[in-house]
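Colleague: I'd like to ask you about the structure that follows.
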Number of protein chains: 2
Amino acid sequence: MTQLLRVQNFTVSADGIGAGEDQTMDSPFGHPGAGSLFAWCGATASWPNRTEPGGTRGLDDYFTRDFAHGIGAEIMGRNKFGPQRGPWRDHEWRGWWGAEPPFRTPVFVLTHHERPSFTLSDTTFHFVGGDPARVLEQAKEAAQGLDVRLGGGVSTIRQFLDADLVDTLHVAVSPVRLGTGLRLWESPQELLDRFHLDVVPSPSGVTHHLFWRR
Amino acid sequence: MTQLLRVQNFTVSADGIGAGEDQTMDSPFGHPGAGSLFAWCGATASWPNRTEPGGTRGLDDYFTRDFAHGIGAEIMGRNKFGPQRGPWRDHEWRGWWGAEPPFRTPVFVLTHHERPSFTLSDTTFHFVGGDPARVLEQAKEAAQGLDVRLGGGVSTIRQFLDADLVDTLHVAVSPVRLGTGLRLWESPQELLDRFHLDVVPSPSGVTHHLFWRR
């Protein structure tokens, strides 16, 4: 089996924006409206942070529960990991996700600034520099035959797309417009020279975009 | 986690027919046109019988690869297992699937006629009688906390629906009309008193119907 690099459940606004530019400790997505982009996941029965029973088991639930299926490692940008920039002042910050991060695999955090690996529950965070192809090689080795998830954010996905390393993308496009922020694309059409595309409207209002290599 | 009873990837014609009435050794679906219903699965990258690389990785592939995800046992009707009717003449017949059946879990075959269990690769077939609720109890115990797949055919699904034991159904409706055969429904609307429904057209031409309990 070929090991794939997959973007999964990445959500952007109707105008292609995945996050704001003003990320802080209190605003992980850097835009007051960006959190609402993920409402489609939160409504499903398989949402990992669900505290009450219930939730939908329709189309959106398939995508939510496929998040970890067949995945052996994740690559994420440093800005997904935390709001700090530049050299680490200390190693107190261990991500947004508390004692049980939802990844449950090795996670490779892209950074120019070294830091020792650490483990929280089933997730081990490694901090790696170097070009995307080299990072992907490390992640594939750690994934032991399974696929690698490219977790975002926007700049990280763009960087791996530019290096032509992405095999499939699932991008949920929310009906909300954000106006400003970090933009994944002007239009999904931009990727059609290299990818097939299924466009699948969900009854929840988001439109799932499924790309795979030509 | 609640253990669910799930119908997955069950395909019917535009007129609600899942199989013909003339099942034989050479015609497992009992209708010359019924095999074509499954073309949507066969075109995907995750189709387990795929012999050549390639295949689509869009919407239909999500359903194909979800077939075994989170499933710990299957319940199937005897007519899915084989074309014999009545008491077993011998125990030579071991299903349609060769030495490596795609189930890879315990499988409970509904029958009034006893037969010893046997194992092929990762799949063990058990032959069980009794009412649907009792069979489901056995299958849930064997599934060890995972969900149970209700594999069909039509009569088996109808029987478990009548007993109100089904939690979710994924039924792919093909654009082909078959005219005669075993009918799952006159219309998907019949289930709406008990189930929510997402209707999701796929670019391949099938329309995925996703039901979950109200």
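Colleague: Quick check on chain A: helices-only [θ] at 222 nm, where DSSP H runs of length 4 and up contribute -39,500 (n - 2.57) each and the sum goes over total residues. Nearest 500, please.
Modeller: Values: 5 runs with 36 residues, N = 214.
Rounded to the nearest 500, the figure is -4500 deg cm²/dmol.
Colleague: What are the nm distances, shortest first, from B:G98 to its equivalents in the other copies, labels at 7 Å along Cα→Cβ?
Modeller: Inter-copy label distances (nm, one decimal, shortest first): 4.7.
Colleague: Mind listing the Cα extents of the protein assembly as shown along all three principal axes, in Å, largest one first?
Modeller: That gives 76, 43, 38 Å along the principal axes, largest extent first.
Colleague: Stretch A:R177-A:H69 to full length: gain in nm at 0.36 nm per residue minus the Cα-Cα span?
Modeller: My answer for the length gained is 35.8 nm.
Colleague: Looking only at GluC sites (Glu not before Pro) in DSSP loops with at most 12 other Cβ atoms within 10 Å, what is the longest site-free stretch of chain A?
Modeller: Between exposed loop sites, the widest span is A:115-185.
Colleague: Relative contact order of segment B:146-214: what whole-number percent is it, with Cα pairs under 8 angstrom and at least 6 residues apart? Walk me through the numbers before you get to the answer.
Modeller: Details: 69 pairs, mean separation 25.0, N = 69.
Relative contact order comes out at 36 percent.
Colleague: Please give the contour-minus-distance gain from A:W96 to A:R134: 0.36 nm per residue of separation, less the Cα-Cα distance, rounded to one decimal in nm.
Modeller: Answer, rounded to one decimal: 11.1 nm.
Colleague: Quick one: which residues, 5+ away or cross-chain, put their amide H under 5 Å from the amide H of A:Q84? H built at 1.01 Å from N.
Modeller: Those lying under 5 Å, H to H, from A:Q84: there are none.
Colleague: Can you give me the long-range amide H partners of B:H126? Hydrogens built in the peptide plane at 1.01 Å from N, cutoff under 5 Å, separation of 5 or more residues or another chain.
Modeller: Correct list: B:V107, B:F108, B:V109.
Colleague: Follow-up. Once label points are set 7 Å from the Cα along Cα→Cβ at both A:E141 and B:S36, what is their separation, rounded to one decimal in nm?
Modeller: 5.2
Colleague: Let me ask you something else. Separation between the B:D164 and A:E114 pseudo-spin-labels, each 7 Å from Cα along Cα→Cβ, expressed in nm?
Modeller: About 6.6 nm, to one decimal.
Colleague: Could you check which residue among B:T51, B:T11, B:T180 shows the biggest mean-square fluctuation in a GNM of chain B with a 10 Å Cα cutoff?
Modeller: B:T51
Colleague: Let me ask you something else. Which residue, A:T64, A:T168, A:T24, tops the fluctuation ranking in a GNM of chain A built on C-alpha contacts under 10 Å?
Modeller: Greatest mean-square fluctuation among the candidates belongs to A:T24.
Colleague: With a 1.4 Å probe and all protein chains left in place, how much accessible area per residue does the protein assembly as shown have, in Å²?
Modeller: 46
Colleague: Rounded to the nearest 20 debye, what is the charge dipole size of segment B:44-88 about its Cα centre when +1 sits on each Lys and Arg Cβ and -1 on each Asp and Glu Cβ?
Modeller: Once rounded to the nearest 20, the dipole reads 260 debye.
Colleague: Same structure again: Just the number, please: buried accessible area between B and A, total of both chains, 1.4 angstrom probe, nearest 100 square angstrom.
Modeller: For chain B against chain A, roughly 1900 Å² becomes buried.
Colleague: Follow-up question, since we're still on this one. Taking a label point 7 Å from Cα toward Cβ, how far is B:E141 from its twins in the other copies, in nm, shortest first?
Modeller: Label-point separations across copies, in nm and ascending: 4.8.
Colleague: Averaging sequence separations of C-alpha pairs under 8 Å and six or more residues apart, then dividing by the length of chain B, give the relative contact order as a whole percent.
Modeller: 31
Colleague: How big is the antiparallel share of DSSP beta bridges in chain B, given as a percent to the nearest 5?
Modeller: Antiparallel: roughly 50 percent of the beta bridges in chain B.
Colleague: Give me the dipole magnitude in Debye, nearest 20, for the protein assembly as shown about the Cα centre, with unit charges on the beta carbon: positive for Lys and Arg, negative for Asp and Glu.
Modeller: 180
Colleague: Quick query: amide H of A:T44 versus all other amide H atoms, modeled in the peptide plane; which residues come in under 5 Å with a sequence gap of 5 or more or a different chain?
Modeller: Correct list: A:T56.
Colleague: Sticking with this one: Got the A:A163 label distances to the other copies yet, label 7 Å along Cα→Cβ, in nm, shortest first?
Modeller: 5.4
Colleague: Under the definition of partner shielding as Cβ atoms of other protein chains within 10 Å of a residue Cβ, what is the mean value for peptide B:205-211? Show your work: numbers first, answer last.
Modeller: Working: counts 0, 0, 0, 4, 1, 8, 2.
Mean number of neighbouring Cβ atoms from other chains: 2.
Colleague: Just how large is the dipole of chain A about the Cα centre, in debye to the nearest 20, putting +1 at every Lys and Arg Cβ and -1 at every Asp and Glu Cβ?
Modeller: Approximately 100 debye in magnitude.
Colleague: With every protein chain in place, what's the accessible area of A:V176 (1.4 Å probe, Å², nearest 10)?
Modeller: Here the accessible area works out near 60 Å².
Colleague: Distance between Cα centroids, segment A:52-88 to segment B:158-178: provide it in whole Å.
Modeller: When both Cα centres are located, 31 Å separates them.
Colleague: How large is ³J(HN,Hα) for each residue in segment A:191-199, as worked out from phi by the Karplus curve 6.51 cos²θ - 1.76 cosθ + 1.60 (θ = phi - 60°), to whole Hz, x for Gly and Pro?
Modeller: 3J(HN,Hα) across segment A:191-199, in whole Hz: 8, 6, 5, 10, 10, 6, 9, 9, 10.
Colleague: Right, another one. At 4 °C and a viscosity of 1.567 mPa s, what translational diffusion coefficient does Stokes-Einstein give for chain B, taking Rh as the Kirkwood radius over Cα pairs? Give it in µm²/s as a whole number.
Modeller: So the translational diffusion coefficient is about 73 µm²/s.
The values are calculated or read from the model by the stated rules, or taken from the named source; none is laboratory data. Just so you know, these numbers come straight off a predicted model, no measurement behind them. Cβ atoms come from the backbone with ideal geometry, glycine included; neighbour counts cover every protein chain shown. Each accessible area value is taken on the protein alone, full model and side chains, heavy atoms only, with ligands, DNA and RNA left out. Shrake-Rupley method; radii C 1.70, N 1.55, O 1.52, S 1.80 Å.
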